[in-house]
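The values are calculated or read from the model by the stated rules, or taken from the named source; none is laboratory data. Since this is a predicted model, take the numbers as computed values, not measurements. For neighbour counting, all protein chains shown are included, and Cβ atoms are generated from backbone atoms with ideal geometry for every residue, glycine included. What goes into the accessible areas is simple: the full protein's heavy atoms, side chains included, and nothing from ligands, DNA or RNA. Shrake-Rupley method; radii C 1.70, N 1.55, O 1.52, S 1.80 Å.
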Amino acid sequence: MTTEIIAAPGTAGIRRREKRDWRGWAFVGPFMIVFALVFLTPLAYALYLSFFQEKLIGGTSFVGFDNYIRALGDSQFWEAFGRVILFLVVQVPIMLALALGAALALDSARLRGASFFRILIFLPYAVPAVVAVLMWGYIYGDQFGLTSNINDFLGSDFFTPFARDWILVSIGNIVTWQFVGYNMLIFYSSLKTIPTDMYEAASLDGAGAWRTIFSIKIPSVRGALVIATIFSIIGSFQLFNEPNILRPLAPNVITTYFTPNMYAYNLSFAGQQFNYAATIAIIMGVITAVIAYVVQLRGSKSEVR
């Protein structure tokens, strides 16, 4: 933005006129175009679809909020929603705790070969999600693979990863295996930004290793912890790949509405209910955004304190 100073005719005063400089949009413009095409346009179209309904007589007609009212009373949707909430509450804290512990161990000077272990922990994240789920599906299989071999050796069905009571644990194990390294890297990067002066001051005050962790390191990575928590919450609500790929191995346990995303996917591509599927997607998007915002807000307040 440029500013011109112009003297007013017949007066001694001056008047400022600001001229807007649009050259910055030449750099931002391509991104904004792509952002509008791949994010805003599909979102607007999904919102548009959610207000319509395909009927046998009369074709597509405007129904207002009828699809949303239907979703609020849909037992299958709420069952799927409750399942991902349970998954989030149990799996996310375990995964973040393991990631934080790994980051603290790598950051300590007592661990030899830290570079090797850093790569080793991060490596599962580099494995494509579909390949990782197929690999674990082979391990979990009770008719083949490692689980079958262990059960044959023990002479009983001791391990049943695809049982109804254990399926969420099995999926949680896959997700944890994949994303511990990713979150560890976030925490480890944050730990490396802590000034060495703080460690020196703590050492002079007689603080030990545990005191340094709880008084300096963990408070310093609080921002990174908030970011990792938000990403994990979003990922939990978007749970799809793992149950969808494992479903052929456990069709009686993993239903078509196992998670909200699976429910919306099957409504759309199997049931041809595009309008109702868009409604489910919009509702889950709003819920995810609200919960992520609340977590971010609470995290920001904690940092201020």
TODO: Could you tell me which residue of the range 33-66 is most open to solvent (accessible area, probe 1.4 Å), considering only residues that are in a strand (DSSP E or B) and either on the phi > 0 side of the Ramachandran plot or in contact with a Ser or Thr (Cβ under 8 Å, 6 or more places away or on another chain) (or both)?
DONE: GLU54
TODO: Take the range 67-121 and flag every residue that is of a type in the set (A, V, I, L, M, F, W, C) and in a loop (DSSP other than H, G, I, E, B).
DONE: ALA109, LEU111
TODO: Return the total of residues in the range 216-257 being under 18 Å from the mean Cα position of the chain (by Cα) and in a loop (DSSP other than H, G, I, E, B).
DONE: 3
Task: Filtered residue count, the range 86-134, keeping only those that are surrounded by fewer than 15 Cβ atoms within 10 Å (Cβ to Cβ) and either within 30 Å of THR256 (Cβ to Cβ) or charged (D, E, K, R) (or both) - done: 12
Task: Count of residues meeting criterion [farther than 19 Å from LEU185 by Cα and either among the aliphatic types (A, V, I, L, M) or buried (at least 18 other Cβ atoms within 10 Å of the Cβ) (or both)] in the range 213-239 - done: 3
Open item on the list: Is it the case, given these coordinates, that ILE254 is modelled with pLDDT under 90 and aliphatic (A, V, I, L, M)?
Closed with: no
Open item on the list: Quick check on the range 64-86. Is at least one of its residues touching a residue at least 24 places away in the same chain (Cβ under 8 Å), over 23 Å from the mean Cα position of the chain (by Cα) and farther than 20 Å from GLY271 by Cβ?
Closed with: no
Task: Among the candidates ALA278, ALA250, ALA264, residue that is out of contact with any helix residue (DSSP H, G or I) (no Cβ under 6 Å at 6 or more places or on another chain) and surrounded by 19 or more Cβ atoms within 10 Å (Cβ to Cβ) - done: ALA250
- [ ] Look through the range 152-190, keep the residues that are among the polar types (S, T, N, Q) and free of Cβ contacts under 8 Å to residues at least 24 places away in the same chain, and return whichever of them is farthest from PHE258 (Cα to Cα).
- [x] SER156
- [ ] Count, please, the residues in the range 190-209 that happen to be under 13 Å from LEU104 (Cβ atoms), open to solvent by 50 Å² or more (accessible area, probe 1.4 Å) and modelled with pLDDT of 85 or more.
- [x] 1
- [ ] From the list THR229, THR255, pick out the single residue that is under 30 Å from ASP142 (Cβ atoms) and β-branched (Val, Ile, Thr).
- [x] THR255
Task: Which numbered condition SER300 fails, given (1) polar (S, T, N, Q); (2) under 25 Å from ILE171 (Cβ atoms); (3) in contact (Cβ under 8 Å) with a residue 60 or more places away in the chain - done: (2)
Open item on the list: Please verify whether ILE213 is in a helix (DSSP H, G or I), under 23 Å from TYR293 (Cβ atoms) and among the β-branched types (Val, Ile, Thr), treating the condition exactly as stated.
Closed with: no
Open item on the list: So, GLY82, is that one modelled with pLDDT under 90, open to solvent by less than 50 Å² (accessible area, probe 1.4 Å) and not charged (D, E, K, R) or not?
Closed with: no
Open item on the list: Filter the range 155-189 down to the residues that are open to solvent by 20 Å² or more (accessible area, probe 1.4 Å) and of a type in the set (Phe, Trp, Tyr) and list them by number.
Closed with: PHE158, PHE159, PHE162, TRP166, TRP177, PHE179, TYR182, TYR188
